[in-house]
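Asks: One structure, pasted below without further comment.
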Ligand code: HEM
């Protein structure tokens, strides 16, 4: 399913309509002048945790993430632009967080630092103007949950992709080992014949025969280990296939889940 349709399904399910989009676009004028201060508090908070600070390569990495977030919130979320470019953005955030190792629960938790600031600013402004902030707050909550939903979904997709790659490489390794093991069987047979011949000659002293038999033992053990690895990888592959086949195309799955047909 094209991203546009996927987004439309999501918007329908979460009941994000034109009114919400207008609310978000109007809210932007109150958020924009404050966004730098909000981000300042956000980073002060997350960087006070050494395990999160360690996820950033350097100062430049913090600056990049911060600039991207600012753009994301102002242009996409408060721009009410939930089009395919928005999904691409969510996909990229999910992939980047998967790459740096930021688990979804921390991403979701950290969002509260921004959501409370967004709501705080909107309520403050509504109070000054003597009107209710209810509809704007509802629109912001829906948009943030949509954001979290898509980014988490894309994060998991990125992780699944990485897992499939590991499995592919492990399978290749097992295949190589199996081929090596076949080669070893041949060598074992030849070495066994040689040991039998040597045992009947003078050159085949007890010492030589013993060393050859030790070597044979080691070769056989390598072969057995390779078979064990092969079996284990086969099991893993089966488990992963079950998971993947149950979920052949995430987009199709989402479509059927949210389709009202
Ligand atoms: C509040 C929710 C968050 C949002 C909306 C968000 C958004 C983003 C965005 C838009 C990017 C740029 C993606 C790209 O173009 O590749 C990014 C990158 C990044 N984010 Fe987040 N982020 C959030 C929370 C966090 C948290 C809590 C951390 C760490 C504790 C974090 C760590 C990073 C890192 C390390 C990068 C890569 C920066 C770089 O080196 O370019 N993010 N994030």
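The values are calculated or read from the model by the stated rules, or taken from the named source; none is laboratory data. All of these numbers come straight from a predicted model, not from anything done at the bench. For neighbour counting, all protein chains shown are included, and Cβ atoms are generated from backbone atoms with ideal geometry for every residue, glycine included.
Asks: Among the residues in region 7-24, are any in the same structural domain as residue 147 (by TED's automatic domain parsing) and near the ligand (Cβ under 9 Å from one of its atoms)?
Replies: Scanning region 7-24, I find no residue that is in the same structural domain as residue 147 (by TED's automatic domain parsing) and near the ligand (Cβ under 9 Å from one of its atoms), so the answer is no.
Asks: So, one more: Just checking, which of 105, 110 is exposed (fewer than 14 other Cβ atoms within 10 Å of the Cβ), within 16 Å of the ligand (Cβ to nearest atom) and assigned to a helix (DSSP H, G or I)? Steps first, answer last, please.
Replies: Values: 110 fails: exposed (fewer than 14 other Cβ atoms within 10 Å of the Cβ).
Exactly one residue qualifies, and that residue is 105.
Asks: Moving on to the next point. Can you list the helices (runs of 4 or more DSSP H) found entirely within region 1-53 that contain at least 1 residues being within 23 Å of the chain's Cα centre (by Cα) and at positive phi? So that I can check it myself, show each step before the final result.
Replies: Details: elements: 3-13, 18-31, 35-46, 50-53.
Output list is empty.
Asks: Taking residue 27, is it in the same structural domain as residue 148 (by TED's automatic domain parsing), at pLDDT 95 or above and more than 9 Å from the ligand (Cβ to nearest atom)? Write out each step before concluding.
Replies: Numbers: in the same structural domain as residue 148 (by TED's automatic domain parsing): yes; at pLDDT 95 or above: yes; more than 9 Å from the ligand (Cβ to nearest atom): yes.
It is true that residue 27 is in the same structural domain as residue 148 (by TED's automatic domain parsing), at pLDDT 95 or above and more than 9 Å from the ligand (Cβ to nearest atom).
Asks: Then there's this: When you look at residue 68, is it under 18 Å from residue 139 (Cα atoms), assigned to a helix (DSSP H, G or I) and modelled with pLDDT of 95 or more, yes or no?
Replies: Values: under 18 Å from residue 139 (Cα atoms): no; assigned to a helix (DSSP H, G or I): yes; modelled with pLDDT of 95 or more: yes.
No: the conditions fail for residue 68.
Asks: Filter region 75-95 down to residues that are in a helix (DSSP H, G or I), surrounded by 17 or more Cβ atoms within 10 Å (Cβ to Cβ) and away from the ligand (no atom under 11 Å from the Cβ), then give me how many there are.
Replies: Residues of region 75-95 in a helix (DSSP H, G or I): 75-77, 84-95.
Still in the list and also surrounded by 17 or more Cβ atoms within 10 Å (Cβ to Cβ): 76-77, 86-87, 89-91, 93-95.
The next check asks that each one be away from the ligand (no atom under 11 Å from the Cβ); those that pass are 86-87.
Adding up the residues that qualify gives 2.
Asks: Would you check if residue 63 is over 17 Å from residue 144 (Cβ atoms) and modelled with pLDDT of 95 or more? Please lay out each step first, then the result.
Replies: Details: over 17 Å from residue 144 (Cβ atoms): yes; modelled with pLDDT of 95 or more: yes.
Taking the combined requirement at face value, the residue satisfies it.
Asks: Condition first: over 17 Å from the mean Cα position of the chain (by Cα) and touching a residue at least 24 places away in the same chain (Cβ under 8 Å). Now tell me which residues in region 77-100 satisfy that.
Replies: Looking only at region 77-100, we keep the residues that are over 17 Å from the mean Cα position of the chain (by Cα), and these are 77-86.
Residues satisfying the conditions are 77, 78, 79, 80, 82, 83, 84, 86.
Asks: Within region 124-140, which residues are within 17 Å of residue 32 (Cα to Cα) and either within 16 Å of the ligand (Cβ to nearest atom) or surrounded by 15 or more Cβ atoms within 10 Å (Cβ to Cβ) (or both)?
Replies: Once the filter is applied, which keeps residues that are within 17 Å of residue 32 (Cα to Cα) and either within 16 Å of the ligand (Cβ to nearest atom) or surrounded by 15 or more Cβ atoms within 10 Å (Cβ to Cβ) (or both), region 124-140 yields 125, 126, 136, 137, 139, 140.
Asks: Name the one entry in 98, 143, 191 that is closer than 23 Å to residue 27 by Cα and surrounded by 15 or more Cβ atoms within 10 Å (Cβ to Cβ). Reasoning before the result, please.
Replies: Values: 98 fails: closer than 23 Å to residue 27 by Cα; 191 fails: closer than 23 Å to residue 27 by Cα.
Of the residues listed, the single one that is closer than 23 Å to residue 27 by Cα and surrounded by 15 or more Cβ atoms within 10 Å (Cβ to Cβ) is 143.
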